[in-house]
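First the structure, in the form of structure tokens, and then the observations on it.
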Amino acid sequence: MTTTLRTKKDVVTDFRTTGILEAARKVFAKKGFSNATVDDIASAAGVAKGTVYLYYESKRDIYFAALKFGIEQMYSVLEEELKSVSTPEDKLRALIGVKLAYFDDNRDFFKIYYSELGNICIHPGTIDNEFKALYIEQAKIVESILKEGTRKKVLRPVRTEQTAFAISDLVRGVVTQRVLGWSKSKISEDVDFIFDLIWKGIAAS
């Protein structure tokens, strides 16, 4: 097994960049990309503007780094949850639960994430390739669960890729209701609602 030795500089870099990206999420969520400034982000992070530029070349770099940081955090939680369950049914429920809980706890992240998804249709040429890849990877995780369910004959044959994106859209719609304050349901109730709506539509008869 290969062990990666972390230096003091690595630890400081991780600490600094994590603080900058968490601050950036809040600033971008509050002001939007156009109105936010690097000065705003530096102030929110409690560092000098020059420190921010040690790690990121521009506001755009900070923006996409903040997006990817949030997605990777969510992936890490999801990966652990999926290890603890075995059936396609439980995996799908766990996935829905993790995404709802993460977005609920990180509403500032959801706001910029949702905003960037809207840009895919409006300004597709401006979307960061790594962000697109991470978004597609989320759908691939759902699709793998659906394919497993089909193989085990607990799900009827469906167009797995389209169904995966539809599930992601449904989850995002419920999160939007929660962020806007339109839903007062408990997370567990919304998880049950989404899961039942999906499962009853695709389960084998």
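The values are calculated or read from the model by the stated rules, or taken from the named source; none is laboratory data. Predicted model, so just to flag it, every value in this text is computed and none were measured. Heads up, the Cβs are rebuilt from the backbone with ideal geometry, glycines too, and the neighbour counts pull from every protein chain shown.
Selection of the stretch 43-69 for residues being among the aromatic types (F, W, Y), buried (at least 19 other Cβ atoms within 10 Å of the Cβ) and free of Cβ contacts under 8 Å to residues at least 40 places away in the same chain yields only Y56.
Using the structure shown, decide if V171 is in contact with a Lys or Arg (Cβ under 8 Å, 6 or more places away or on another chain) and within 27 Å of D108 (Cα to Cα). Considered against the rule, which asks whether it is in contact with a Lys or Arg (Cβ under 8 Å, 6 or more places away or on another chain) and within 27 Å of D108 (Cα to Cα), V171 comes out as yes.
All of E81, E72 fail the test of being modelled with pLDDT under 90, within 16 Å of the chain's Cα centre (by Cα) and surrounded by fewer than 19 Cβ atoms within 10 Å (Cβ to Cβ), apart from E72. Is there a residue being modelled with pLDDT of 90 or more and either surrounded by fewer than 18 Cβ atoms within 10 Å (Cβ to Cβ) or of a type in the set (F, W, Y) (or both) anywhere in the stretch 89-98? Yes, that holds for at least one residue.
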